[in-house]
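What follows is a set of notes on a single structure, which appears directly below.
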Amino acid sequence: MNPKEWISDLRVYEPGKPIEEVARELGFDDIAEIVKVASNENELGPSPLAMQAMQNVLTEMHRYPDGGAFYLKHKLAEKLDVEPENLLFGCGSNELIVFLCHVFMGQGKNLIMGAEAFAVYFLANAMYQGETIRVPMPEHVHDLDAMLAAITEDTRLVCICNPNNPTGTMVSPEAIDAFIEKLPDHVVAVFDEAYFEVMPDAMKPDVLKHIRSGKKNIIVLRTFSKAYGLAGLRIGYAVAHPELINLLNKVRQPFNVNLMAQAAAMAALDDAEHLENTREMVFQGLEFFERELPKLGIETVPSGANFILIKTGNGRDVFLELQKRKVIVRPMDPYGLPDHIRITIGTPEQNQIMLDALKDVLG
């Protein structure tokens, strides 16, 4: 084989292990006893309305999906108060990040991101030989002024994950509005709002208002994976000016979002009860950990997402010891945070099991 040199040098994204594989490695017989709180999934499961919608389309699985997601696009446009032409769907928001890098990045161009932000920005950019500028994040929060200062004439994308993965930190709506006002026209600002639905209402920015007013270099990414509980179906969406959406459509493959995902997403949009139950679970879980972990001398990072970043000492060692106690979390050394682990907020029972296991590990 003779692959492109920069492809050979890419670091592979490290996913969390499946529960079944952890059980096999550690010799556990009953996988139901394992608590997986590593991947920011919705521990309430999928929306019940979405599950029924999936059942309803099972007999249509021999058909190709609607490549333009016509009905889902129109329904979501009405919900968000935008036009259908402002929307594009992807196989998770990750695919949309790849589209952006495909369109804008290349040799001699740079992408700006937070030093502790979502790793996929760097990985997607590297596929197209773009340079990545990592801006320090004081107290794990995006420094928007420093990101503006880092922009050069070769900058094409600035990625702001809000709330940020893996730190959970948020940027105020006022700071975001000020950032957008100062953004140069040659740069596209990518606001990754994967956890938007579970944010505290007071901290939710309204980036969409800038898109409604005609701003062409702003794009918002959201997903059905988190609050709606559809991570296994891989469906996310972008909101932007029609000119930007049209550019991304040029590199989108036909039928990139499957039929079952579209049906489930449409139904999930109607399930206000499941969404509210999810928000309540997350808020209560965050309060639980923020109250109990300091009693163990553990530092927590304030979170607006469905997970919490905590400082435990050697995070990789703690991760391995928790696995032995049938709890799976996420070590943070790949993000330059070797003393931390990330815990997905689960049900009250899961949260208690996680806390008890951590107490046992830390002795």
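The values are calculated or read from the model by the stated rules, or taken from the named source; none is laboratory data. All of these numbers come straight from a predicted model, not from anything done at the bench. Note: ideal-geometry Cβ built from the backbone for every residue, glycine included; neighbour counts use all protein chains shown.
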Self-check item: Unique match (being surrounded by 19 or more Cβ atoms within 10 Å (Cβ to Cβ), over 22 Å from Ile218 (Cα atoms) and under 18 Å from the mean Cα position of the chain (by Cα)) among Ala38, Ala117
Solution: Ala38
Quiz item: Mind checking whether some residue in the range 307-328 is closer than 30 Å to Lys79 by Cα and not assigned by TED's automatic domain parsing to the domain that holds Met137?
Solution: yes
Quiz item: Considering the range 85-110 alone, what residues qualify as being under 14 Å from Tyr237 (Cβ atoms) and charged (D, E, K, R)?
Solution: Glu85, Glu95
Quiz item: Can you find a residue in the range 131-147 that is surrounded by 22 or more Cβ atoms within 10 Å (Cβ to Cβ), modelled with pLDDT of 95 or more, on the phi < 0 side of the Ramachandran plot and assigned to a loop (DSSP other than H, G, I, E, B)?
Solution: yes
Self-check item: Filtered residue count, the range 167-191, keeping only those that are touching a Ser or Thr at 6+ places or on another chain (Cβ under 6 Å) and under 21 Å from Ala202 (Cα atoms)
Solution: 1
Practice problem: Please indicate, with yes or no, whether at least one residue in the range 246-259 is more than 15 Å from Leu87 (Cα to Cα) and touching a Leu at 6+ places or on another chain (Cβ under 8 Å). | Solution: yes
Quiz item: In the list Leu58, Leu72, Leu44, Leu49, which residue meets the criterion of being within 25 Å of Asp271 (Cα to Cα) and touching an Asp or Glu at 6+ places or on another chain (Cβ under 7 Å)?
Solution: Leu49
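One line per residue, one yes/no per condition, for (1) under 21 Å from Arg279 (Cβ atoms); (2) among the aliphatic types (A, V, I, L, M); (3) crowded, with 18+ Cβ neighbours inside 10 Å:
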{"residue": "Phe179", "(1), (2), (3)": "no, no, yes"}
{"residue": "Ser213", "(1), (2), (3)": "no, no, no"}
{"residue": "Lys216", "(1), (2), (3)": "no, no, no"}
{"residue": "Tyr228", "(1), (2), (3)": "yes, no, yes"}
{"residue": "Arg234", "(1), (2), (3)": "no, no, yes"}
{"residue": "Arg252", "(1), (2), (3)": "no, no, yes"}
{"residue": "Asn256", "(1), (2), (3)": "no, no, yes"}
Self-check item: Residues located in the range 279-305, provided they are part of a strand (DSSP E or B) and farther than 18 Å from Asp356 by Cβ
Solution: Glu299, Val301
Practice problem: Would you check if Glu243 is more than 18 Å from the chain's Cα centre (by Cα) and within 30 Å of Glu349 (Cβ to Cβ)? | Solution: no
Exercise. Find the residue count for the range 306-341, including only residues that are of a type in the set (Lys, Arg) and in a helix (DSSP H, G or I).
Key: 2
Exercise. May I ask you to list pairs of residues, at least six apart or on different chains, whose Cβ atoms are under 6 Å apart, with the first in the range 163-188 being under 29 Å from Pro334 (Cβ atoms) and the second being among the acidic types (Asp, Glu)?
Key: Thr167/Glu116
Quiz item: If you go through the range 286-296 one residue at a time, do you hit one that is acidic (Asp, Glu) and in contact with a Lys or Arg (Cβ under 6 Å, 6 or more places away or on another chain)?
Solution: no
Quiz item: helices (runs of 4 or more DSSP H) wholly in the range 6-102 with at least 2 residues that are modelled with pLDDT under 95 and not assigned by TED's automatic domain parsing to the domain that holds Tyr128 - which ones?
Solution: 19-26
Exercise. Just name the residue that is surrounded by the fewest Cβ atoms within 10 Å (Cβ to Cβ) out of those in the range 65-84 that are over 13 Å from Tyr237 (Cβ atoms) and among the charged types (D, E, K, R).
Key: Asp81
Practice problem: Give the residues of the range 307-330 that are surrounded by 20 or more Cβ atoms within 10 Å (Cβ to Cβ) and touching a Pro at 6+ places or on another chain (Cβ under 9 Å), sorted by residue number. | Solution: Phe307, Ile308, Leu309, Gly315, Val318, Phe319, Arg330
